[in-house]
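*Asks:* Can you keep this structure in mind? I'll have questions shortly.
The values are calculated or read from the model by the stated rules, or taken from the named source; none is laboratory data. The shown structure was predicted, so the numbers you read here are calculated from the model rather than taken from an experiment. All Cβ positions, glycine included, derive from the backbone under ideal geometry; neighbour counts span all protein chains shown. The area values use the complete protein model at the heavy-atom level, side chains included, leaving out ligands, DNA and RNA. Shrake-Rupley method; radii C 1.70, N 1.55, O 1.52, S 1.80 Å.
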Amino acid sequence: MSKFEIQSGLPPYGPMAKNFSALGSRTFTEGLVVKFFPSTGASWVGNFIDGECGISTVIDHPNGKSVIAISGGLGYIVDPEHQTLLGSIAGCIWHVTKYQGENLLIFGDNCGFEAIGESGIVWKTRRIAWDEMRNIRLIGSTIYGEARELDDSWTPFEVDAKTGQLLK
């Protein structure tokens with residue numbers, strides 16, 4: 001697994017941080033700043049430009065080589081050994097869950113879920129909520145939560161974490 005450390009800001013001295021922008025804009029804005037410690041070569045700093053909503057965190061990719069940096073809801077898949085962007089997970093990511101049973105990372109936005117495995121996207125749910133989900137939890141192989149409906153009511157849902165199929 002990769003080694004990384006979230007920083008409190010851009011480095012005041014030394015090499016400049018490498019900027020990553022999933023949208024191709026605001027490349028000179030401070031976002032989520034992460035220091036990487038590759039197995040070969042010197043450490044380096046990445047600056048991941050924020051999205052407009054969602055969480056900010058860094059997590060190992062299920063492939064054991066790449067890292068996923070989530071900055072203000074935008075997901076960046078990075079190769080820390082070569083300092084390159086491999087792909088992005090656009091959207092407004094609010095939830096990240098590790099499903100160890102299938103070696104998946106499950107990402108939730110305001111409307112549904114997407115799972116990434118060693119080789120990439122494994123499944124995507126259909127739209128579950130009108131504009132928000134809450135009380136998300138993974139128990140066994142089922143994702144439980146509540147979806148906000150058009151009339152502002154909340155409806156419980158269940159999703160199979162292996163397949164992305166809506167169970168309820």
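*Asks:* Which residues, taken from the stretch 125-135, are assigned to a loop (DSSP other than H, G, I, E, B), more than 19 Å from residue 101 (Cα to Cα) and open to solvent by less than 50 Å² (accessible area, probe 1.4 Å)? Outline the logic, then answer.
*Replies:* Applying the first criterion (assigned to a loop (DSSP other than H, G, I, E, B)) to the stretch 125-135 yields 125-132.
Still in the list and also more than 19 Å from residue 101 (Cα to Cα): 126-132.
128, 129 - these are the residues of the stretch 125-135 that are assigned to a loop (DSSP other than H, G, I, E, B), more than 19 Å from residue 101 (Cα to Cα) and open to solvent by less than 50 Å² (accessible area, probe 1.4 Å).
*Asks:* Could you list, in sequence order, all residues of the stretch 136-157 that are surrounded by 14 or more Cβ atoms within 10 Å (Cβ to Cβ) and of a type outside the set (A, V, I, L, M, F, W, C)? Write out each step before concluding.
*Replies:* Of the residues in the stretch 136-157, the ones surrounded by 14 or more Cβ atoms within 10 Å (Cβ to Cβ) are 136, 138, 142-148, 154, 157.
Correct list: 142, 144, 145, 146, 148.
*Asks:* Checking the structure you have, find out if any residue of the stretch 26-37 is acidic (Asp, Glu) and open to solvent by 40 Å² or more (accessible area, probe 1.4 Å).
*Replies:* In the first step, residues of the stretch 26-37 are kept if they are acidic (Asp, Glu); the result is 30.
So of that shortlist, the ones also open to solvent by 40 Å² or more (accessible area, probe 1.4 Å) come out as 30.
Taking every residue of the stretch 26-37 in turn, at least one turns out to be acidic (Asp, Glu) and open to solvent by 40 Å² or more (accessible area, probe 1.4 Å).
*Asks:* In the set 49, 121, which member is on the phi < 0 side of the Ramachandran plot, open to solvent by 60 Å² or more (accessible area, probe 1.4 Å), at pLDDT below 95 and within 14 Å of the chain's Cα centre (by Cα)? Walk me through it before giving the result.
*Replies:* On the way: 49 fails: open to solvent by 60 Å² or more (accessible area, probe 1.4 Å).
Exactly one of 49, 121 is on the phi < 0 side of the Ramachandran plot, open to solvent by 60 Å² or more (accessible area, probe 1.4 Å), at pLDDT below 95 and within 14 Å of the chain's Cα centre (by Cα), namely 121.
*Asks:* Out of everything in the stretch 1-12 that is part of a loop (DSSP other than H, G, I, E, B) and either of a type in the set (Lys, Arg) or modelled with pLDDT of 90 or more (or both), what residue ends up being surrounded by the most Cβ atoms within 10 Å (Cβ to Cβ)?
*Replies:* Our first condition is that a residue be part of a loop (DSSP other than H, G, I, E, B); within the stretch 1-12, this holds for 1-3, 7-12.
Within this subset, residues satisfying the condition of being either of a type in the set (Lys, Arg) or modelled with pLDDT of 90 or more (or both) are 3, 7-12.
Details: 3: 13, 7: 15, 8: 5, 9: 9, 10: 13, 11: 13, 12: 5.
The qualifying residue surrounded by the most Cβ atoms within 10 Å (Cβ to Cβ) is 7.
*Asks:* Which one of the conditions (1) touching a strand residue (DSSP E or B) at 6+ places or on another chain (Cβ under 9 Å); (2) surrounded by fewer than 21 Cβ atoms within 10 Å (Cβ to Cβ); (3) in a loop (DSSP other than H, G, I, E, B) does residue 54 fail to meet, given that it meets all the rest?
*Replies:* So the condition that residue 54 fails would be (2).
*Asks:* May I pose another question? Residue by residue through the stretch 64-102, note down the ones that are assigned to a strand (DSSP E or B), open to solvent by 20 Å² or more (accessible area, probe 1.4 Å), within 18 Å of residue 33 (Cα to Cα) and in contact (Cβ under 8 Å) with a residue 40 or more places away in the chain.
*Replies:* Once the filter is applied, which keeps residues that are assigned to a strand (DSSP E or B), open to solvent by 20 Å² or more (accessible area, probe 1.4 Å), within 18 Å of residue 33 (Cα to Cα) and in contact (Cβ under 8 Å) with a residue 40 or more places away in the chain, the stretch 64-102 yields 85, 88.
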